[in-house]
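The values are calculated or read from the model by the stated rules, or taken from the named source; none is laboratory data. If you're wondering where the values come from, they're calculated on a predicted model, not measured in any experiment. Virtual Cβ from ideal backbone geometry, glycine too; neighbours counted across all protein chains shown.
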Ligand SMILES: Cc1ncc(C[n+]2csc(CCOP(=O)(O)OP(=O)(O)O)c2C)c(N)n1
């Protein structure tokens, strides 16, 4: 759909009535029949008219093109840019709401500052699409988050305008401080370093560490707090009041803003006067203090050593631009906190109306905001986990669930709807979540801490120091463990087996399918004498047919309603070779850990079908720690080769098996071959998950290839 079509839609739908109106006769034949939308698409108050074309945006090839534009032109540009973002994301999917909320801010920043020399640093950077469009990547937007395309986040390799790559939150203030110190020590002529951080990202502890240090060291920098009242995804949990923000900081600032109107430009500008030398201060100091003092939200930042300015309306370019200019021209070295209020999803009625403000979306229809859903398949592993935990918690009132700002992603929203008082959303604070869970466990609760594998990297010391060394039975549920698709390298759960596997006292399990996931949740619940980890990838279960036909389950009544505990440290043989009498030299064992068992079984079936001399056994390790050494010994005794398969980088399951084989002397005689199949030592760019498995070499055909090479049926390519 091109912009002309938006214009036609705009004409078609009157905001007041949601009915067909104003339709020019000459174009009426182009339009679908009149529709009635539950939400008016174009809200005349907040949404300017969608542009018919983008003449101003078309002239922008680099951000310096914005420098000479008037405020009026910047407003026109913002309107064109907003619709360009909507159009792009409707075709690729991605993070929409956050980008729409910062359109005017992005335009203002690139108008006032001189990137790339001035550093504009986006926290998390899921809101960077307008920035990408203005910094020479407009034509790449059709490839956003696609294989070989541009990233959905800021990425230093991609553009000199991406001052810092991101994806994880709360890093921007540290980065701005680092740039500022470097610029000052290197005597660079300009020192403008701006961190833009949301009220969600600022709940992360690192942001306060950085503010504390910047305030104390007095580094010149601007932190823009982008306050849109949404901290978690989707926002809040029932325990935090339903849709309330999971942050008291955000709640405080919101209260201030509803209880009094925004400060107008004059009072904020008075607040700025303190940043200028005495002799050029235009404003009365008393009024300045008053202007800042009435906003109690600023006190915290002032205490940290920041000069607090705000709050101001982040969509109001008339005020925003001159304030940024003042900050740019201020000779002060004191760090500044500019508190800006924005609306997530601004200007696109379906996004403004959605509870998650269309935070992350699939492709969608621009006219209605309705997302294009894939075919309905088996339930996601996330929901299988959450529903099983609900079952466990029905029987045991000591079970509690914890999420760090990801209730939707981790299934804690499902748990929270059933047990609002036993669900805790701590904001983007993984470290805190883990230690809090440790103490809950010490006092007799059974905490399930549900965090994506990639974000658990933040809580690593807490896992070691507060959970494992204290030997507290915290259940750590790592969702998205493995390759995650379009979010790309910052989000893959590629390392948890490596960083968890080396910690003593930890039980580590990975289910191979949805039934095993249910079993492992029951198992984790039963482990009261040590911490435990259950990790599983992004994706769905396999469904009854596949579970019966490929995995060999007997499921007369479908998937069992409840999981069953499995024996700790015990794996299982899932597929015995069809060649009962095969000699050891012709036998290969595939030992899988996690959901690559599916691909291992496919490979085994194909191998035995295509080559009568090869016999393949497939085993599911279930536990990486404690490793089922009896199973490994028996596979070693009966087979001439063992292949391990896992969705983790080196240092994970395969290395644990190899370590054991070596220590146990099973490799000493030289008649046992071993090959670990894991994620190669590389970063996997955005793309469909299946393609990433292809690139990683973890699909059935790669497992088959590895077996054929081990059995000397094909040549071994030299490792480069
Ligand atoms: C360390 C870490 N934990 C969790 C996330 C997942 N996450 C991405 S955006 C987001 C919310 C960010 O809120 P905010 O900064 O206010 O930006 P908004 O989405 O509201 O624009 C969360 C929790 C993350 N990126 N990094």
Kindly indicate whether any position in region 329-351 is away from the ligand (no atom under 16 Å from the Cβ), in a helix (DSSP H, G or I) and farther than 30 Å from residue 486 by Cβ. yes
Count, please, the residues in region 549-558 that happen to be surrounded by 15 or more Cβ atoms within 10 Å (Cβ to Cβ) and not in a loop (DSSP other than H, G, I, E, B). 0
Answer with yes or no whether residue 315 is modelled with pLDDT of 90 or more and over 21 Å from residue 203 (Cα atoms). yes
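So that you can scan it fast, the table gives a plain yes or no per residue for (1) surrounded by fewer than 19 Cβ atoms within 10 Å (Cβ to Cβ); (2) in contact with a helix residue (DSSP H, G or I) (Cβ under 9 Å, 6 or more places away or on another chain); (3) at pLDDT below 95:
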site: 569; (1), (2), (3): yes, yes, no
site: 577; (1), (2), (3): no, yes, yes
site: 580; (1), (2), (3): yes, no, yes
site: 584; (1), (2), (3): yes, yes, no
site: 603; (1), (2), (3): no, yes, no
Listed residues 117, 91, 104; which is more than 9 Å from the ligand (Cβ to nearest atom) and part of a loop (DSSP other than H, G, I, E, B)? 117
Taking residue 379 and the conditions (1) free of Cβ contacts under 8 Å to residues at least 60 places away in the same chain; (2) closer than 26 Å to residue 512 by Cβ, which numbered condition does it fall short on, given that it satisfies the others? (1)
Residue 416 is checked against (1) within 16 Å of the ligand (Cβ to nearest atom); (2) surrounded by fewer than 24 Cβ atoms within 10 Å (Cβ to Cβ); (3) at pLDDT 95 or above and fails just one. What number does that condition carry? (2)
Subset of region 135-149 (residues that are within 20 Å of the chain's Cα centre (by Cα), surrounded by 20 or more Cβ atoms within 10 Å (Cβ to Cβ) and on the phi < 0 side of the Ramachandran plot): 141, 144
Checked region 686-701 for anything in contact (Cβ under 8 Å) with a residue 40 or more places away in the chain and under 16 Å from residue 647 (Cα atoms); matches are 688, 689, 691, 692, 693, 696, 698, 699, 700, 701
Here are some conditions: (1) outside any helix (DSSP H, G or I); (2) in contact with a helix residue (DSSP H, G or I) (Cβ under 8 Å, 6 or more places away or on another chain); (3) closer than 21 Å to residue 708 by Cβ; (4) at pLDDT 95 or above. Residue 624 meets all but one. Which one does it not meet? (3)
Any residue in region 393-410 that is closer than 14 Å to residue 445 by Cα and in contact (Cβ under 8 Å) with a residue 60 or more places away in the chain sitting within a Cβ distance under 8 Å of a residue that is away from the ligand (no atom under 16 Å from the Cβ) and part of a helix (DSSP H, G or I)? List the pairs, counting only those 6 or more apart or interchain. 396/525; 399/389; 399/392; 399/393; 399/422; 399/525
If a residue has to be more than 20 Å from residue 523 (Cβ to Cβ), away from the ligand (no atom under 13 Å from the Cβ) and surrounded by fewer than 24 Cβ atoms within 10 Å (Cβ to Cβ) to count, how many in region 463-488 make the cut? 7
Over region 683-694, the set of residues buried (at least 17 other Cβ atoms within 10 Å of the Cβ) and under 16 Å from residue 649 (Cβ atoms) is 684, 685, 692, 693
Please find, among 198, 205, the residue that is in contact (Cβ under 8 Å) with a residue 60 or more places away in the chain, closer than 20 Å to residue 327 by Cβ and within 16 Å of the ligand (Cβ to nearest atom). 198
Out of all the residues in region 532-543, is one or more more than 22 Å from residue 632 (Cβ to Cβ), free of Cβ contacts under 8 Å to residues at least 60 places away in the same chain and in contact with a helix residue (DSSP H, G or I) (Cβ under 8 Å, 6 or more places away or on another chain)? no
Give the residue, chosen from 559, 629, that is out of contact with any strand residue (DSSP E or B) (no Cβ under 8 Å at 6 or more places or on another chain), under 28 Å from residue 473 (Cα atoms) and modelled with pLDDT of 95 or more. 629
In the set 124, 103, 112, which member is out of contact with any strand residue (DSSP E or B) (no Cβ under 8 Å at 6 or more places or on another chain), closer than 18 Å to residue 224 by Cβ, crowded, with 24+ Cβ neighbours inside 10 Å and modelled with pLDDT of 95 or more? 103
Contact list please: Cβ distance under 8 Å, first residue in region 216-228 and under 17 Å from residue 329 (Cα atoms), second residue in a strand (DSSP E or B) and more than 16 Å from the ligand (Cβ to nearest atom), pairs at least six apart or on different chains. 220/193; 221/193; 221/336; 222/193; 222/336; 223/336
Could you pull out the residue among 52, 74, 56, 81 that is away from the ligand (no atom under 16 Å from the Cβ), closer than 28 Å to residue 364 by Cβ and free of Cβ contacts under 8 Å to residues at least 40 places away in the same chain? 56
Filtering region 173-195 down to residues that are more than 11 Å from residue 222 (Cβ to Cβ) and within 16 Å of the ligand (Cβ to nearest atom), which residue is surrounded by the fewest Cβ atoms within 10 Å (Cβ to Cβ)? 174
Might you let me know whether region 216-233 holds any residue that is under 14 Å from residue 169 (Cα atoms), within 15 Å of the ligand (Cβ to nearest atom) and at pLDDT 90 or above? yes
